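Bear in mind these aren't lab numbers, they're just calculated from the coordinates by the rules spelled out. Since the structure is predicted, the reported quantities are computational estimates derived from the model, not experimental observations. Quick reminder, even Gly has a Cβ in these numbers, built from the backbone with ideal geometry, and neighbours come from all protein chains shown.
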Amino acid sequence: MGVVAVSACDTGVTVGPKLAKDQVLRLMLEDQPASLDPGQTQYPDETAVLRAITEPLVKPALDLSGVMPAAAQTYEANGAGTAYVFHLRTNARYWDGTPVKAQDFVYAWQRLIDPRLAAPDETLFAGAVLNGERVSLMDPQRDKAAIDGALGTLGLKAVDDYTFQVQLARPDPAFIWLAALPAAAPIRKDMVAKGGDKWASDPATLVTNGPFKVTELVKNDHIRLERNSNYWGARPSLTRIDFVIVNDGAVALAKYKNGELDEIAVQPAQAASVAGDAMLSRRLVKTPNLTVFWIVFRVNSPPLDNVRAEIRRRPGAVGPRGVGPLRQAGVPDLCLRPVV
């Protein structure tokens, strides 16, 4: 749930009066992204930035009915659904002007499966790509000498500079959605070698292929993006995006009211006041969030170390429908459901 300023700019074609020279969008991040390395992405604060600065092979359609071309202009699958061939755009460039090539996708996807990286999305890609599960289960210490060679057995191939081929372990209708994840974006091997473990923390080595690029990265304060002048697609209307890190809901709301932020995520503590405000309620946008939260009780310390405590005798006494604050934030469930 969030509030959006009426004057917030769009990245598409402008209709109406001529825009001012500087078009800046200021967005809230609830926490400092742990990393902007696509191979280490897993949380919304990271993917929000990565979707602006990177471009995977395909991207979700606006209505989520399927995927649209992105870094790949076209793609096709074989009849069995076990092989995909992506044809990259020959005019796609990183922000430094270097062409985006198939080998960059091979390298990026190998990193996702490499057990030494321990990528959050490792199981997704390892389970889909031919030989991925075997390679991902190798021990980073015991099998250290063999891992590089094993990565070469994965079903990932640069047929030529602009043709990327993926062999799957089995037919997987969901695979094309993996190719749309920020984690699936291309990565420059030379930049990783140059920057080492900190390559994604320095705007100079965080060389990406999306419509924007990182120009400032101040930890726990802000991340500034500016246009990638070498982006192949339509030029964004926005000249800059500032992601401002604010982990206090009350502070974020105050910044929004003062015109310092154009969009914020409304926290539960402020939800009622925002919904009851004549102006803010008109700007309130409610969106579903596919997230599962749960409560774990510490039964080895007071008062729950007492086996006679009501929660230990009758767990249903407080949940799930008994947890009042959660009722307005989601739908109670009686069990954890596996992510599919």
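Between region 49-65 and region 22-38, the C-alpha centres lie 16 angstrom from each other. Of all the options LEU168, LEU124, LEU19, the one that moves most in a Gaussian network model of the chain with Cα springs shorter than 10 angstrom is LEU19. Remark on THR215: its backbone amide H falls under 5 Å from those of ARG224, LEU225, GLU226, a criterion applied only to residues 5 or more positions apart or on other chains, H modelled at 1.01 Å from N.
To the nearest Å, what is the center-to-center distance of region 203-272 and region 103-157, using C-alpha atoms only? A separation of 32 Å, based on Cα centres. Taking amide H as placed 1.01 Å from N in the peptide plane, ALA179 has no amide H partner under 5 Å among residues 5 or more places away or on another chain. A straight Cα-to-Cα reach below 20 Å connects LYS21 with the aspartates and glutamates ASP10, GLU226, ASP242, GLU260, ASP262, residues fewer than 8 places away in its own chain not being considered. Give LYS59/LYS286; LYS189/LYS257; LYS144/LYS194; LYS189/LYS219; LYS213/LYS257 a once-over and call out the pairs whose C-alpha atoms are over 32 Å from each other. Violating the 32 Å Cα-Cα cut-off are LYS189/LYS257. Charge dipole of the chain (Cα centre as origin; +1 on each Lys and Arg Cβ, -1 on each Asp and Glu Cβ, all else neutral): 620 debye, rounded to the nearest 20. A simple rule links phi to the HN-Hα coupling: the Karplus curve 6.51 cos²θ - 1.76 cosθ + 1.60 with θ = phi - 60°, which for region 232-242 gives 5, x, 4, 6, x, 5, 6, 8, 7, 10, 10 Hz, with x for Gly and Pro. Backbone geometry of region 124-129 corresponds, through the Karplus equation with coefficients 6.51, -1.76 and 1.60 at θ = phi - 60°, to 3J(HN,Hα) couplings of 5, 6, 5, x, 8, 7 Hz, x marking Gly and Pro. Note on the chain: GNM, Cα springs under 10 Å; of ARG111, ARG170, ARG227, the largest mean-square fluctuation is that of ARG170. Highest average first, the peptides 142-152, 188-198, 232-242, 38-48 ordered by how many other beta carbon atoms sit within 10 Å of their residues are 38-48, 232-242, 188-198, 142-152. Each residue, ALA145 and LEU62, gets one label point 7 Å from its Cα in the Cβ direction; the gap between the two is 5.7 nm.
Between the entries (1) 28.8; (2) 19.2; (3) 22.0, the label attached to mean projected area of the Cα convex hull in nm² calculated for this structure is (3).
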